[in-house]
Each structure stands twice: as C-alpha cells, then as structure tokens.
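Comments concern the structure below.
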Amino acid sequence: MRQLDKTKIISLKETFDTIVQTIEDEQVEFWYARELMALLGYARWENFEVAISRAIESCKTTEIVPSDHFREVTKMIALGKGANRPVKDFMLTRYACYLIAQNGDPKKEEIAFAQCYFAVQTRRQEIIEERMQFIERTEAKERLKESEKQLSQNIYERGVDDKGFGRIRSKGDTALFGGYSTTDMKKRLGVKDNRPLADFLPTVTIAAKNLATELTNYNVENKNLYGEVLITTEHIQNNVSIRELLAQRGIKPENLPVSVDIKKLERKVKADTKKLADTSRKLPNKNDS
C-alpha cells in the first residue's frame, strides 16, 4: 500500500463521498459501478466488470447472497444529438464495494484508500486514517519478515546457523537503537520477552529495520560475504547508516513511543471485517425498489 498524506486522504474522501447514493425509505447507501470505476483507477468498463465478477465470487464463498449487495441495472447514456444508449451498470452496497477493492491492486493509491473507506461503517476521516495507518504498519512488518527470512537463508548457506542469525539481528538492533539491544528495547517499551519487538514498533522503525536488512541481503550476495563475523559487521554498518539517515530527519528510533500491539489490532480489524456484511445494509428486493 502506498502511504498517503493527510491532504490526499481528505481529497479522496471528499471525492468518494460525492458519488454515494441513498435509498431514502430503506436508509441504504449504495454506489453505481460506473461512477466508482474511475475513482478506483479503471479506464475500461470491461476490466472493471472482471473485478466485479471476482467480488461476486468472493461473496458466494462466504455464503452471502450476492443479490443483496450487487444489483445489475440498465442506465441510459447520452451519445450526442439527443440520442441515448442503454448500458449495463450495477448498484453496489458498501460491502460490495469493499469486496471489489479487495480484489484490486493495493499499489494503486485509489484502491488502497477504498479498502479502508468501505471497510469502516462511518465516513469519519480519522477512522479511515487509523485503518490506513494500521494496514501500512502491517504491510511494513510483512516486508520485514520476508527480508529477515531471506537473510536467514542467505547466511545459512554461508556458514551461519540459527543462533548466529539471532546474534546478527540483535547486534543490528543495537546499532539502530543507539546502543540499546533488542532486550533493552523490549524493557524500554514494556514488551514481554516472548513477543517480537516489531509487533510494538511504529511503521517508520519497522521500515528502517527492513531497509537495513535488505541492504545486508544485497551486500552479502554481491560481496560474497562468508561467516558470522563479516556478515555481522555488514549488518551493523547498514543499521548505523539507516540510524544516521533518520537522525538527519530528527528521528531517534529508541525514543519513539510504543505502538499498539499489532496482533491486537489485527484481531480487531478481522472482527470488524467479519461484521461488515451484516452491518452493510442490503439492497431492497427488486419488487420493493
């Protein structure tokens, strides 16, 4: 997910708010697919219809009736000189829009925003921002997990076992946190010994750890480093460099406040998402609309 600044979030929210429709008697919010299409970065209806089809299939797998959230309709579009042509469209509930966004490319900022916008049962900007920040932090942690896994594999082939990997990672943390070891930082932030430190770090620190690890991966391979001593030196140097970069922006990782336990946030988001289909009001029956 691309990180969006507050101004961009406000702009996107206002744009998405302008196309919401309401069935007054039913108090049902819905969106027309052709209006939503452009906001999600799609240029061709044929491509967007594929995303709708995937979302409908996702709906079926959860044993939710698709017609409650996806309603095919026909709209007339002007061709010029007074002529009109019927085109296919869909009425989409909030839940339907959320499923479509989930099937889109999260690298597109419009899709990333939509995943959060439609996931929450409110259009309050601060709630949308909080969810986006959580997703950005989660994705940063996943990238760190993957880079550390790659480093573990790389150095195992170069004579370093699991205990050696643990020592290398810990010394990298000590360099990044200005002399505080992983254990020191856990005590500093009130993190239990059996929990990963990264679960309580802010996004910027997780991203810093990931960048240092990626640099180590790159140089281990390209410099053909072998053995714990050389790889440790490389990892320490990379973390020192990242620390210096952060310092230029006035950031000291060891002084940043503890973040909410990411596992706790994950459980909350999963619970909220699970309830989304039930709390998103259904489209009325065709005979009633």
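The values are calculated or read from the model by the stated rules, or taken from the named source; none is laboratory data. Since we're looking at a predicted model, the values are computed, not measured. Methodologically, a virtual Cβ is constructed for each residue, glycine included, from the backbone with ideal geometry; neighbour enumeration extends over all protein chains shown.
A few comments on the model shown:
- In the stretch 273-284, the residues that are among the polar types (S, T, N, Q) reach residues that are assigned to a loop (DSSP other than H, G, I, E, B) with C-beta atoms within less than 8 angstrom, at least six apart or across chains, in these pairs: THR273/ALA119; THR279/GLN121; SER280/HIS69; SER280/THR93; SER280/GLN121.
- Residue, nearest to the chain's Cα centre (by Cα), within the stretch 177-198, restricted to residues that are among the polar types (S, T, N, Q) and under 19 Å from ALA212 (Cβ atoms): THR182
- Of the residues making up the stretch 73-118, those that are farther than 22 Å from ASP17 by Cβ and among the charged types (D, E, K, R) are LYS81, ARG85, LYS88, ASP105, LYS107.
- Considering LEU276, LEU283, LEU265, LEU256, the condition of being surrounded by 11 or more Cβ atoms within 10 Å (Cβ to Cβ), modelled with pLDDT of 90 or more and not hydroxyl-bearing (Ser, Thr, Tyr) is satisfied by LEU256 alone.
- The stretch 132-158 residues that are modelled with pLDDT under 95, paired with ones that are of a type outside the set (Ser, Thr, Tyr) and not in a helix (DSSP H, G or I) (beta carbon under 6 Å, 6 or more apart): ILE135/MET1; GLU136/MET1; GLU136/GLN3; GLU139/MET1
- If you filter the stretch 31-53 down to residues that are of a type in the set (Gly, Ala, Ser) and free of Cβ contacts under 8 Å to residues at least 24 places away in the same chain, you find that the one that is surrounded by the fewest Cβ atoms within 10 Å (Cβ to Cβ) is ALA43.
- Enumeration of residues in the stretch 71-88 that are without any contact (Cβ under 8 Å) to a residue 60 or more places away in the chain, surrounded by 13 or more Cβ atoms within 10 Å (Cβ to Cβ) and either out of contact with any Pro (no Cβ under 8 Å at 6 or more places or on another chain) or on the phi > 0 side of the Ramachandran plot (or both): VAL73
- Test: residue in the stretch 130-143 that is crowded, with 18+ Cβ neighbours inside 10 Å and in a strand (DSSP E or B): no
- Single residue of the stretch 231-244 satisfying the filter (surrounded by 17 or more Cβ atoms within 10 Å (Cβ to Cβ) and not polar (S, T, N, Q)) that is farthest from LEU151 (Cα to Cα): ARG243
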